[in-house]
1. Looking at Gln276 and the list (1) surrounded by fewer than 18 Cβ atoms within 10 Å (Cβ to Cβ); (2) in the same structural domain as Ile172 (by TED's automatic domain parsing); (3) in contact with a Lys or Arg (Cβ under 8 Å, 6 or more places away or on another chain); (4) on the phi < 0 side of the Ramachandran plot, which single condition is not satisfied?
2. Quick one: which of Pro134, Pro157 is touching a Ser or Thr at 6+ places or on another chain (Cβ under 8 Å) and not hydrophobic (A, V, I, L, M, F, W, C)?
3. Could you identify the single residue in Val163, Val125 that is of a type in the set (Val, Ile, Thr) and closer than 30 Å to Phe229 by Cβ?
4. Which one of Ala297, Ala317 is in a helix (DSSP H, G or I), surrounded by 19 or more Cβ atoms within 10 Å (Cβ to Cβ), touching a Leu at 6+ places or on another chain (Cβ under 7 Å) and modelled with pLDDT of 95 or more?
Amino acid sequence: MMINAYAAFEPGGELKPFTYDPGELPADQVEIDVLYCGLCHSDLSVINDDWGLSQYPVVPGHEVVGRIGRLGSQVSHLAVGQAVGLGWHCGYCNHCHCCNSGDQNLCAQAQATIIGHHGGFADKVRAAATSVVPIQDSIDLATAGPMFCAGITVFNPLVQFAVNPDSRVAVIGIGGLGHLALQFLRAWGCEVTAFTSSESKRKEAMDLGAHYTLNSRDPAALEEAAGRFDVILSTVNVRLDWNQYLSTLRARGRLHLVGATTDSLDISAFQLIFGQRQVSGSPVGSPDTMARMLEFAARHRILPVVEQFPMSEVNRALEKLASGEVRYRVVLEGGR
């Protein structure tokens, strides 16, 4: 059975209709009938080969929401017709230390959904059954897609670093990742501050869950915030004055990066040493953490703010994303 998709055939190329034969369904995989697929900045990066990893033709789409259409012969924990989600990884080695300890997202042999594999800008997509996460009935399928990349990316650090409900946490970047971070942190119980350089985003940040906002372009405001935060979560992919932000951390505070900047970090060792501060980063999350995230989101009614486009208008959606006009995520509806 052929799969109909949209693919880029060269770096930065327009997505065009693409049909391919996936072959026989492997015993450990499932085939998902795509209902919705989120559009992430990482899709744009892979289309453009910004990371030097792309393999063309590229079929983007790693925030997939759909229903199981077919099951491999060895798959017994999922059912045909079941609503599921698929994120950045569509398979793991299942035998390394990371996989065996529940950290599949750190597996060095993990298969990316859109690098060396055709993703979800299609009517169907295939994935290892162990990478697919069931979606409960209380989750709105039409808006759930971004949870499988943006959502898990900002939720995972809360679990991995045991962020306390009484922590003071600041978020850099109130966009596709940041708008979900504010919601998760508020529901987690934290005191939440949004760093923003835009007055127009101040009210939006407060509406999304921030208790406070802080103008990142105001040196006096940053100086006044010295030693204030336990955690700073950076969701941006640009170079910043990281030492300025480190100065706003308490002793033993953590600057945690989830935004995939390709620039090196210019950080003063003294900022780390004298305050015993830490700088860390993390990718998405394991299937178990994704399931936990969905349960938490359902309980607290956390939803991505999305703009919808039909899959046939994928190039228009990509243009809007590239221009920075999206508030805050794009979801494509229906397969090709």
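The values are calculated or read from the model by the stated rules, or taken from the named source; none is laboratory data. As the structure is a computational prediction, the values presented were derived from the model and not from experiment. Positions of Cβ are backbone-derived with ideal geometry, glycine not excepted, and every protein chain shown enters the neighbour counts.
1. (4)
2. Numbers: Pro134 fails: touching a Ser or Thr at 6+ places or on another chain (Cβ under 8 Å).
Testing whether each residue is touching a Ser or Thr at 6+ places or on another chain (Cβ under 8 Å) and not hydrophobic (A, V, I, L, M, F, W, C) leaves just Pro157.
3. When all the criteria are applied, what remains is Val163.
4. Working: Ala297 fails: touching a Leu at 6+ places or on another chain (Cβ under 7 Å).
Result: Ala317 is the single residue among Ala297, Ala317 that is in a helix (DSSP H, G or I), surrounded by 19 or more Cβ atoms within 10 Å (Cβ to Cβ), touching a Leu at 6+ places or on another chain (Cβ under 7 Å) and modelled with pLDDT of 95 or more.
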